[in-house]
1. Being in a loop (DSSP other than H, G, I, E, B) and of a type in the set (A, V, I, L, M) is the filter here; which residues of region 123-141 pass it?
2. So, of the residues in region 230-281 that are assigned to a helix (DSSP H, G or I) and within 18 Å of Lys144 (Cα to Cα), which turns out to be farthest from ligand 1 (Cβ to nearest atom)?
3. Could you say whether any residue in region 291-302 is closer than 27 Å to Leu166 by Cα and part of a strand (DSSP E or B)?
4. Considering (1) touching a helix residue (DSSP H, G or I) at 6+ places or on another chain (Cβ under 7 Å); (2) farther than 30 Å from Lys120 by Cα; (3) assigned to a strand (DSSP E or B), say which one Glu225 fails and leave the rest.
5. Look at Gly97 and say whether it is at positive phi and modelled with pLDDT under 95.
6. Suppose we keep only residues that are modelled with pLDDT of 95 or more and in contact with a Pro (Cβ under 8 Å, 6 or more places away or on another chain) within region 178-211. Which one would you say is surrounded by the fewest Cβ atoms within 10 Å (Cβ to Cβ)?
7. Output the residue which, of all residues in region 282-310 that are more than 7 Å from ligand 1 (Cβ to nearest atom) and among the β-branched types (Val, Ile, Thr), is surrounded by the fewest Cβ atoms within 10 Å (Cβ to Cβ).
8. Out of curiosity, is Ala245 free of Cβ contacts under 8 Å to residues at least 12 places away in the same chain, surrounded by fewer than 21 Cβ atoms within 10 Å (Cβ to Cβ) and away from ligand 2 (no atom under 16 Å from the Cβ)?
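The values are calculated or read from the model by the stated rules, or taken from the named source; none is laboratory data. For clarity, every value in this text was computed on a predicted model and none was experimentally measured. FYI the Cβ positions are ideal-geometry reconstructions off the backbone, even for glycines, and counts take in every protein chain you see.
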Amino acid sequence: MPPNVKRTYGSRHERTTLPSSSPPSSPPLKRKRSFLEPISLQNLPPRPLVKRTKLSPSEGRTKKAKQPQKKLTQLHFCLDKTMLRTCPLCELSYMKGAPDDETLHQTHCARVRKGMEWGKEEEKEAVKANVREVAVGVRLKDGKQGRIICFNADVGGKIGSKLFALLETINRSLSSPAMTAEALQASKAYLFLLPPSTTSGREKIVGCVMAQQITTAMAIASPNEVKANRSDGSPATSELVAVDATTGLFCLPTPLPTPLGIPRIFVSSSHRRQRIASELLTAAAATFIHGCKLNPREGQVAFTQPTGDGNAVMRHWGLGGIRIYEG
Ligand SMILES: CC(C)(COP(=O)(O)OP(=O)(O)OC[C@H]1O[C@@H](n2cnc3c(N)ncnc32)[C@H](O)[C@@H]1OP(=O)(O)O)[C@@H](O)C(=O)NCCC(=O)NCCS
Ligand SMILES: [Zn+2]
């Protein structure tokens, strides 16, 4: 790239709006790194996910000791630091003064904080799109009541477009890639809707859980399993899969049959800690497979590599039984 080229979110946007069926030609700039991939440095705002490190059972400590340290090269960017802003509300970094970036940020920020609308257009298509209401009168901690709807994630029409926009916001927030067409085909979207608070008469989508049919996942190693030493004295972690070494989240490598995966979970920031994520997860576990209620305690639900918030919910809601899978 010529030294004076400035990249802006406006130019990144084209890539993030690729239809989900077209995999990006190169990894999106800001993405949730798979825990089975090597780490790469990105010219990106600091995100908790980027901090994660992965050590596979076969690599890690010993490799580090053997290899001579590579000569580090200083990279020079001509981005004017005074122009690069990280919004404290939505954590997006963007170029102040670049119109495309500012517009993109404004839309993203509002969606992250307040959620999107579930409008009359979507409601009109609800029957055709086979939208099911799976819970009503769900009471939150602040006393408000909402409902949970569910539909197939590969739905088309207005509802498909709304889900696409919602997932785009979630992916940008989580630095995750778009879900593939195959993953969407195997998934259902669960949305938490709050009744209209203004005269606009439109419900708000304040939470979303994507629930995906999967086959296997790994059990999370207990603290004792992480601390233990093998008979030859080497640390047991060398045989575990490190999902997040910074928080000490390790898995036992054996794949175990697991029916339900949660590849995305998101609640708009002004509605967090109200039990919305927990209610969505409960609804998904109860209704994802018709006539078969899944129990997280028994290892029937798995998350992809969780964020810090995701980890907290996973442990609280999953009561220690949640597994991990590669989404
Ligand atoms: C993770 C997320 C979906 C949780 O949504 P939520 O509706 O606030 O979660 P809940 O209210 O159901 O939380 C249930 C419990 O989980 C724990 N918990 C949730 N968020 C937590 C946090 N940030 N810190 C500590 N504990 C937390 C608490 O024990 C909480 O119960 P409490 O509020 O009574 O203490 C939300 O924080 C979010 O969207 N974060 C950004 C996106 C993200 O990181 N997604 C996870 C991807 S794996
Ligand atoms: Zn913002």
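1. Within region 123-141, the first condition is being in a loop (DSSP other than H, G, I, E, B), and the residues that meet it are 126-131, 140-141.
Result: Ala126, Val127, Ala129, Val131, Leu140.
2. Going through region 230-281, the residues assigned to a helix (DSSP H, G or I) turn out to be 236-239, 269-271, 276-281.
Then drop every residue that is not within 18 Å of Lys144 (Cα to Cα), which leaves 269-271, 276-280.
On the way: Ser269: 7, Ser270: 11, His271: 7, Ile276: 4, Ala277: 3, Ser278: 3, Glu279: 7, Leu280: 8 Å.
The qualifying residue farthest from ligand 1 (Cβ to nearest atom) is Ser270.
3. yes
4. Every condition holds for Glu225 apart from (3).
5. Here the answer is yes, as Gly97 does meet what is asked.
6. Looking at the filtered set, the residue picked out is Thr180.
7. For region 282-310, the residue satisfying everything is Ile289.
8. Details: free of Cβ contacts under 8 Å to residues at least 12 places away in the same chain: no; surrounded by fewer than 21 Cβ atoms within 10 Å (Cβ to Cβ): yes; away from ligand 2 (no atom under 16 Å from the Cβ): yes.
Taking the combined requirement at face value, the residue does not satisfy it.
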